[in-house]
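The values are calculated or read from the model by the stated rules, or taken from the named source; none is laboratory data. This one's a predicted model, so the numbers in the text were calculated from it and none came from an experiment. With ideal geometry, Cβ positions are generated from the backbone for all residues, glycine too; neighbour counts draw on all protein chains shown.
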Amino acid sequence: MGRLAKSTPYGVVEMNFATWTRNGRVPSQLPLSNEFSKQAPCENGMWLVYDELAKEVRKPTAVTENMAIVYSSEKDYGMIGQRGLGYFSQVEGDYPRMGRPSVGDKYTTNTIDLGNYQDVAAVATAVNGGTTVYVIPDTTGVPKLSSSDSATATLAGKVIKVYTVPNGDVGFKIEIIRAQ
């Protein structure tokens with residue numbers, strides 16, 4: 001059904017329980033590829049490929065690639081106007097901070113494609129009713145909600161709560177159920 005609506009231009013992410021910082025699974029030494037521009041920037045919460053062979057961070061071309069979650073610190077050096085959470089993005093040449101999750105890691109984000117769910121209410125009804133709402137990779141870099149798991153995906157999660165992100169927008173608390 002498309003991207004989750006938000007009050008700010010870009011996605012927000014909050015680490016609830018992320019082991020990757022403690023375990024040193026934080027790749028951040030490669031720049032973003034030319035896929036990312038002001039019109040189509042990298043946002044916090046995206047699932048991207050840290051491609052050491054090409055020496056760049058890029059969108060996945062298949063769900064079987066190793067991915068990490070973007071969680072860069074919001075910076076607004078020299079920006080005029082709105083600042084902070086939801087107003088931060090990165091473009092080609094910027095160096096995103098990424099985390100390679102482990103099973104059980106939890107985070108909250110509004111960088112989500114609703115997939116085959118009509119709206120947030122439909123997701124809430126499913127989650128509150130005990131139905132698993134899966135979070136699977138997509139070649140856009142924006143994770144997608146699904147009523148079925150993608151068995152071939154190297155990274156997958158499930159929505160455990162319809163929640164809010166730190167700037168007050170609706171988001172989803174996600175638990176990682178499969179990781180590389």
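Using the structure shown, decide if residue 107 is surrounded by fewer than 20 Cβ atoms within 10 Å (Cβ to Cβ), within 16 Å of the chain's Cα centre (by Cα), of a type in the set (Ser, Thr, Tyr) and within 28 Å of residue 37 (Cα to Cα). Spelling it out, it is not the case that residue 107 is surrounded by fewer than 20 Cβ atoms within 10 Å (Cβ to Cβ), within 16 Å of the chain's Cα centre (by Cα), of a type in the set (Ser, Thr, Tyr) and within 28 Å of residue 37 (Cα to Cα). Restricted to segment 35-67, and to residues there that are of a type in the set (A, V, I, L, M) and out of contact with any Gly (no Cβ under 6 Å at 6 or more places or on another chain), the residue that is nearest to residue 94 (Cα to Cα) is 57. The set of residues in segment 1-45 that are under 13 Å from residue 87 (Cα atoms) and among the aromatic types (Phe, Trp, Tyr) contains only 10. For residue 60, state whether it is touching a strand residue (DSSP E or B) at 6+ places or on another chain (Cβ under 6 Å), modelled with pLDDT under 90 and not in a helix (DSSP H, G or I). Against the criterion (touching a strand residue (DSSP E or B) at 6+ places or on another chain (Cβ under 6 Å), modelled with pLDDT under 90 and not in a helix (DSSP H, G or I)), residue 60 does not qualify. What are the residues in segment 22-38 that are at pLDDT below 95 and not β-branched (Val, Ile, Thr), if any? Of everything in segment 22-38, those that are at pLDDT below 95 and not β-branched (Val, Ile, Thr) turn out to be 22, 23, 24, 25, 27, 28, 29, 30, 38. Going through (1) over 30 Å from residue 168 (Cβ atoms); (2) modelled with pLDDT under 95 one by one, residue 19 falls short only on (1).
Take residue 66 and decide whether it is modelled with pLDDT of 90 or more and either surrounded by fewer than 16 Cβ atoms within 10 Å (Cβ to Cβ) or assigned to a strand (DSSP E or B) (or both). Yes, satisfied. Flag: residue 104 does not match the condition of being of a type outside the set (S, T, N, Q), more than 21 Å from residue 15 (Cβ to Cβ), out of contact with any strand residue (DSSP E or B) (no Cβ under 6 Å at 6 or more places or on another chain) and in a loop (DSSP other than H, G, I, E, B).
Could you tell me whether residue 93 is loosely packed, with under 15 Cβ neighbours inside 10 Å and either within 20 Å of residue 40 (Cβ to Cβ) or more than 12 Å from the chain's Cα centre (by Cα) (or both)? In short, yes. Of everything in segment 122-151 that is free of Cβ contacts under 8 Å to residues at least 12 places away in the same chain and assigned to a loop (DSSP other than H, G, I, E, B), the residue that is surrounded by the most Cβ atoms within 10 Å (Cβ to Cβ) is 151. The residues listed here are 150, 146; of these, the one that is touching a Phe, Trp or Tyr at 6+ places or on another chain (Cβ under 7 Å) and either closer than 25 Å to residue 58 by Cβ or not polar (S, T, N, Q) (or both) is 146. Screening segment 152-168 for residues that are modelled with pLDDT of 95 or more and over 30 Å from residue 34 (Cβ atoms) and picking the one that is surrounded by the most Cβ atoms within 10 Å (Cβ to Cβ) gives 159. For segment 169-180, a tally of residues being at pLDDT below 95 and under 10 Å from residue 110 (Cβ atoms) returns 1.
Would you be able to tell me the number of residues in segment 1-54 that are more than 18 Å from residue 165 (Cα to Cα), in a loop (DSSP other than H, G, I, E, B) and among the charged types (D, E, K, R)? Qualifying residue count for the region: 4.
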